[in-house]
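Trainee: Below is the structure I would like to discuss, written out as structure tokens.
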Amino acid sequence: MDMKLAILGLYIVKEGFEYLASYLNFRHLQRAGARVPPEFEGKVDENVVGKMVRYEAERTRFGFFSGAVDNAAAVVFIWGGVLNVYNSWIAGLGLPFAASGWLFFLLLFYAGEFLEAPLNLYHTFRIENKYGFNTMTPGLWVSDLVKSLLIASAVISLLAFAGFGLIRWSPRHWWFWVWGFLFVFGIFMMYISPYVIEPLFNKFVPVEDEALREKIARMAGKAGIKVSRVLKVDASRRSRHTNAYFTGIGKTKRIVLYDTLLQGMDHDEVLSVLAHEIGHWKKRHLLKMMAAFEAASFAGLWVASRLVRGDVLTRIFGINAETLFAKLVILGLIAGIVSLPLKAAANYLSRAHERQADAESFRLAGGPAMISALVKLSRENLSNLNPHPLYVALYYSHPPVAERIRYLEAMK
């Protein structure tokens, strides 16, 4: 069998399996979605559950369409000969090696953003509007897009010139030097992002409620850690979704609470959410996930360095001008096919971390408050209360909320 067609077949099988998981989740939603799980009985009414089902169903149908657009673009670009034409054009410009790589991937990035922009617009101003979540104006959407493109362009430029410079400097061992550079750059970005990038999009201020701040300090002392940066972010400028997250590293690490979360929860519920984030902090989940990611990156770059040495990849896909850039695009495609089990494994590990953080929240703030917070988060975000197990295994970084509540109930 022609190897190019064989890879296309694997790509179709992989994408088909993911579509199947989404379809099973969709059908499961239609059959059981309106059923209120025992953990939510008396806490959400049928109207809210019906709205949850409609919201998830509409997002799923849109996901089918946007996924089909992405798949069609990938097939046309790689198997339809567009990659060969594009690669030959870049090679024909006669630019230096690093400049060629920079232009190759920067224009490719812009093309992807151009393709995604209409889809993002529809999702934001049609679906999110319809269900009362979107608070973003068209002007803010454009402003965010421009800022994101500028930041991404700067990052891509730095990575391209540094990465391809290292490849030129050390042709045989570049994979090690590139891995080291990306590792250092990732740490650097984690340090500067809270101070340089995130404030470009949102305003961060200390939590203003003095009584809540005192309770936070007492709970942090109980956990044996110092939490000096608990901030409120003006997430309501863009969406009514509620959330909290942990960001930064070292002296820049901080816990960020959405202003929508502070508006909709009492002190005990806020403390339980905060305790969950402290649980991640105490258990060093970020460091563990970073270690796993860096190990996978180390192995992946070593394999990539072997596969790009010859002309096998360019011959398979009929690439006339043999460039490293075209080989890297093809490798990225193949990596996407074979990495599906790794994605499931990473989400399995993440779900285990979430259960540990829930246990820490129970210890610090008590089970009832966390259960109440989870119910409110699910209700306000219109979460799917009855996801299909296969979909959970592939895509859920958190256990389904009903499972989390059962876990907390059992801890009592």
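Trainee: Give the peptides 264-273, 18-27 in descending order of average Cβ contacts within 10 Å, highest first.
Mentor: Details: 264-273: 20.2, 18-27: 16.8.
In descending order of packing, they fall as 264-273, 18-27.
Trainee: By what distance, in whole Å, do the Cα atoms of the stretch 253-348 stretch along each of the three principal axes, largest value first?
Mentor: If we take the Cα atoms of the stretch 253-348, the spans are 64, 26, 24 Å.
Trainee: What are the ³J(HN,Hα) values, in whole Hz, obtained from phi via the Karplus relation 6.51 cos²θ - 1.76 cosθ + 1.60 with θ = phi - 60°, for each residue of the stretch 179-189 in sequence order, with x given for Gly and Pro?
Mentor: Coupling constants for the stretch 179-189: 4, x, 5, 5, 5, 5, 5, x, 5, 4, 5 Hz.
Trainee: If you restrict to DSSP beta bridges whose two residues both lie in the chain, what percentage is antiparallel, to the nearest 5? Write down the numbers at each step before the final one.
Mentor: On the way: 8 of 12 bridges.
Here the antiparallel bridges make up roughly 65 percent for the chain.
Trainee: Convert each backbone phi in the stretch 163-178 into a coupling constant with the Karplus relation 6.51 cos²θ - 1.76 cosθ + 1.60 (shift: θ = phi - 60°), then list the ³J(HN,Hα) values in order as whole Hz, x for Gly and Pro.
Mentor: x, 6, x, 5, 5, 5, 5, 9, x, 8, 10, 4, 4, 5, 5, 5
Trainee: Still on this structure, I have one more. Applying 1/(1 + (r/R0)^6) with R0 = 22 Å to the Cβ-Cβ distance of ASN320 and TRP169, what FRET efficiency is obtained, to the nearest 0.05? Intermediate values should be presented prior to the final figure.
Mentor: Values: r = 27 Å, r/R0 = 1.25.
Calculated value: 0.20.
Trainee: Now for a separate question. If packing is taken as the mean number of other Cβ atoms within 10 Å per residue, what is the order of 345-354, 397-406, 37-46, 376-385, highest first?
Mentor: Working: 345-354: 16.3, 397-406: 18.8, 37-46: 14.0, 376-385: 20.6.
Highest-to-lowest ranking by the protection proxy: 376-385, 397-406, 345-354, 37-46.
Trainee: Work from the charge dipole of the chain (Cβ charges, +1 for Lys and Arg, -1 for Asp and Glu, about the Cα centre) and give the residue of LEU121, ALA402, LEU182 farthest towards its positive end.
Mentor: The residue sitting most towards the positive pole is LEU182.
Trainee: From the mean inverse distance of alpha carbon pairs (Kirkwood) and the Cα radius of gyration, derive Rg over Rh for the stretch 127-193.
Mentor: Numbers: Rg = 18.2 Å, Rh = 14.7 Å.
When Rh is taken as the Kirkwood radius, the ratio is 1.24.
Trainee: In nm, what is the difference between 0.36 nm times the number of residues separating LEU140 and ALA74 and their Cα-Cα distance?
Mentor: 20.8 nm
Trainee: Kindly state, to the nearest 0.05, the FRET efficiency for ALA57 paired with ILE12, given R0 = 25 Å and r defined as their beta-carbon distance.
Mentor: 0.50
Trainee: Follow-up question, since we're still on this one. Kindly flag which residue pairs out of LYS130/LYS215; LYS215/LYS343; LYS226/LYS412; LYS222/LYS376; LYS226/LYS343 have an alpha-carbon separation exceeding 29 Å in this structure.
Mentor: On the way: LYS130/LYS215 38 Å; LYS215/LYS343 38 Å; LYS226/LYS412 27 Å; LYS222/LYS376 26 Å; LYS226/LYS343 33 Å.
Listed pairs above 29 Å: LYS130/LYS215; LYS215/LYS343; LYS226/LYS343.
Trainee: Need the list of aspartates and glutamates near LYS327 for cross-linking: C-alpha distance under 15 angstrom, and skip anything on the same chain fewer than eight residues off.
Mentor: Cα-Cα hits under 15 Å: ASP311.
Trainee: Please compute the length gained on full extension between LEU390 and LYS288, using 0.36 nm multiplied by the number of residues separating them and subtracting their Cα-Cα distance. Mind dumping the intermediate values first?
Mentor: Details: separation 102, 0.36 × 102 = 36.72 nm, distance 2.50 nm.
So the extension gain works out to 34.2 nm.
Trainee: Pop the C-beta distance of ARG27 and GLN356 into the FRET formula with R0 = 30 Å and round what comes out to the nearest 0.05.
Mentor: Working: r = 32 Å, r/R0 = 1.08.
After rounding to 0.05, the efficiency reads 0.40.
Trainee: 5 Å is the cut-off here: which amide hydrogens, built 1.01 Å from N in the peptide plane, fall below it relative to SER239, excluding neighbours closer than 5 in sequence?
Mentor: So SER239 has HN proximity to THR135.
Trainee: Anyone know which of VAL329, VAL375, VAL196 comes out most mobile in the 10 Å Cα GNM of the chain?
Mentor: Checking each option, the largest mean-square fluctuation is seen for VAL196.
Trainee: Could you give the Stokes-Einstein D for the stretch 319-412 in µm² per second, using the C-alpha Kirkwood radius, 25 °C, 0.890 mPa s?
Mentor: Working: Rh = 15.8 Å.
Answer, rounded: 156 µm²/s.
Trainee: Moving on. Expressed as a whole number of Å, what is the distance separating the alpha-carbon centroids of the stretch 152-193 and the stretch 282-304?
Mentor: Value for the Cα centre distance between the two parts: 16 Å.
Trainee: How large is the charge dipole for the chain, taken about the Cα centre, if only the Cβ atoms of Lys, Arg (+1) and Asp, Glu (-1) carry charge, to the nearest 20 debye? Can you show the working numbers first?
Mentor: On the way: 46 positive and 34 negative charges, 158 e Å.
My answer is approximately 760 debye.
Trainee: Per 0.36 nm of contour for each residue apart, how much would the distance between TYR131 and LEU107 grow if the chain were fully extended, relative to their Cα-Cα spacing? List each step's numbers first, then the result.
Mentor: On the way: separation 24, 0.36 × 24 = 8.64 nm, distance 3.53 nm.
Contour length minus Cα-Cα distance gives 5.1 nm.
None of the figures in this text is laboratory data; all of them are computed from the coordinates on show. What you are looking at is a predicted structure, and each value in this text was computed from that prediction instead of being measured. Cβ sites come from the backbone with ideal geometry, for glycine too, and all protein chains shown count toward neighbours.
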